[in-house]
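> Have a look at this one before I ask anything.
What follows draws every value from the coordinates through simple rules; no lab data is involved. Please read these numbers as outputs of a predicted model, since none were measured by experiment. Cβ coordinates were reconstructed from backbone atoms using ideal geometry, including for glycine residues, and neighbour counts include every protein chain displayed.
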């Protein structure tokens, strides 16, 4: 299944709650990033689970799965400047709107880095090789 990037919500506020739509968007964007990394030879294993519905409870296990998957992508890639690693015991603290902002921003940071590397790859064939803008391999 091909995933497309869904615009993250980065304007969460204290009145917002992590509903099914948001969890599914985050899950989709996780899968999108895994797909993009795989296309460049980076294999990341994430936990698979069914789409979240209105009746799905945001259990600490589900929250830890989402957070663990985001961390796995970041760890397989490179640590992103500005990345916020949370992985708390969601059962005791609950998730806040600031945690949701961190998740969405983390995904956006990783996506931005992937796009930059993909651009370098098209130009040089390898992200660590310096080359001019005239030397494209595509």
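> So if R0 is 35 Å, what FRET efficiency would residue 17 and residue 118 give, r being the distance between their Cβ atoms, rounded to the nearest 0.05?
Once rounded, the FRET efficiency stands at 0.50.
> Using per-residue counts of other Cβ atoms within 10 Å, averaged over each peptide, order 16-25, 39-48, 61-70 from highest down.
The densest-packed peptide leads the list: 61-70, 16-25, 39-48.
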